[in-house]
Amino acid sequence: MSRWKELPAELHPHVRQLIVPLRKLKDRSELSTRQLAARTGYSARSWQRYLNGRSLPPREAVEAVARIGGDDPARLLVLHEIAAERWAEGRVVTTDAPESAPEGTPESAPVTPHDAPTEQQPYGRYLRAAVTAGAVALVLSVSAALLLAVRLADARTQLAHDRADTVAATPAVVSESMVPVIYTCRLEQRDGRWYAGLSRTTNTILAYTHIGLEVAEAQCLLRRAGFSPGDIDGVFGPKTHRAVKRVQTRDGLVVDGVIGPRTWKALREAAPK
């Protein structure tokens, strides 16, 4: 089993969320860093920096190791997109171009003496590192769950208000459950970006089955760009999913049907089709 060094304390949590699954994929592949270098085109030294949190791996390296480890690259690429925005907050951004591992370079050659674990280091250090990593993972999981619960509660409240407004204008014989929630797009352009009056977000992650004002905002922008998402109902359903993929294909983005920062940028700055 691989013994990973503790990630730098100043590393942003969003960067940790990318590095930890990359480490797991390497362990699952049972490849050494030299073998990983041969399979991906990035040197063993580069992979040592990536997996120890000292350098941000390029998108192509993330996608390559995901496929080698049998994982879906789309999820890791979304994590990479978020990590890239946070990287500069704790470290200077450095990325490496693909290169071949030099002949005769030992796999375990350290970049600096400080980075190389030695046999004399006490076992307690690894135990503390494991406990710290577990605590960080627990805090991040709880925070994500609380944030999701709050956002879902807000979305339900907004839906309830919208349904109440719609029901008041319809015959009393129509039950509330039969009244669709339809949002109005109030498109305007500010500083070269388009807004529909429902949300000003540029980085909220939206995926299939999500609901809320951010989804309705994205649907308005999809329609403006010429890709029909169906009704502007705030529900990320099949039609919205297909429309997002068409925009990503047109703009050369990762075609995963997930709206992240780059897809938001494309929607807010796109010219009508």
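Yes or no: the range 244-251 includes at least one residue that is assigned to a helix (DSSP H, G or I), within 28 Å of Val78 (Cα to Cα), hydrophobic (A, V, I, L, M, F, W, C) and modelled with pLDDT under 95. Show your work before the answer.
Step one: filter the range 244-251 for residues assigned to a helix (DSSP H, G or I), giving 244-250.
Narrowing further to those that are within 28 Å of Val78 (Cα to Cα): 244-250.
Keeping just the survivors that are hydrophobic (A, V, I, L, M, F, W, C) gives 244, 247.
Of the ones still in play, those that are also modelled with pLDDT under 95 are 247.
Yes - at least one qualifying residue is present in the range 244-251.
Could you list, in sequence order, the residues of the range 34-44 that are surrounded by 20 or more Cβ atoms within 10 Å (Cβ to Cβ) and in contact with a Ser or Thr (Cβ under 8 Å, 6 or more places away or on another chain)? It would help to see each step written out before you state the result.
At the first step, the residues of the range 34-44 found to be surrounded by 20 or more Cβ atoms within 10 Å (Cβ to Cβ) are 36-37, 40, 42-44.
If the condition is that a residue be surrounded by 20 or more Cβ atoms within 10 Å (Cβ to Cβ) and in contact with a Ser or Thr (Cβ under 8 Å, 6 or more places away or on another chain), then Leu36, Ala37, Ser43, Ala44 are the ones that fit.
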Inset, instruction - Take the range 244-273 and flag every residue that is in contact with a Lys or Arg (Cβ under 9 Å, 6 or more places away or on another chain) and more than 16 Å from Ala207 (Cβ to Cβ). - result: Arg250, Asp251, Lys265, Ala266, Arg268, Glu269, Ala270, Pro272, Lys273
Legend entry - Filtered residue count, the range 73-91, keeping only those that are farther than 17 Å from Pro261 by Cβ and either in a loop (DSSP other than H, G, I, E, B) or among the charged types (D, E, K, R) (or both): 1
Legend entry - Index of the failed condition, Asp27 passing every other in (1) in contact with a helix residue (DSSP H, G or I) (Cβ under 9 Å, 6 or more places away or on another chain); (2) surrounded by fewer than 19 Cβ atoms within 10 Å (Cβ to Cβ): (1)
Inset, instruction - Provide a single number: the residues in the range 16-36 that are in contact with an Asp or Glu (Cβ under 9 Å, 6 or more places away or on another chain) and hydrophobic (A, V, I, L, M, F, W, C). - result: 1
Legend entry - Matching residues in the range 194-240 - criterion: being within 26 Å of Ala84 (Cβ to Cβ), of a type outside the set (A, V, I, L, M, F, W, C) and part of a helix (DSSP H, G or I): Glu214, Glu217, Thr240
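Of these, Ala44, Ala37, Ala64, which one is more than 24 Å from Leu138 (Cα to Cα) and touching a Phe, Trp or Tyr at 6+ places or on another chain (Cβ under 7 Å)?
Answer to the check: Ala37.
The values are calculated or read from the model by the stated rules, or taken from the named source; none is laboratory data. It should be emphasised that the depicted structure is a prediction, and the values quoted were computed from it without experimental measurement. Counting neighbours? That spans all protein chains shown, and the Cβs are built from the backbone with ideal geometry, glycine included.
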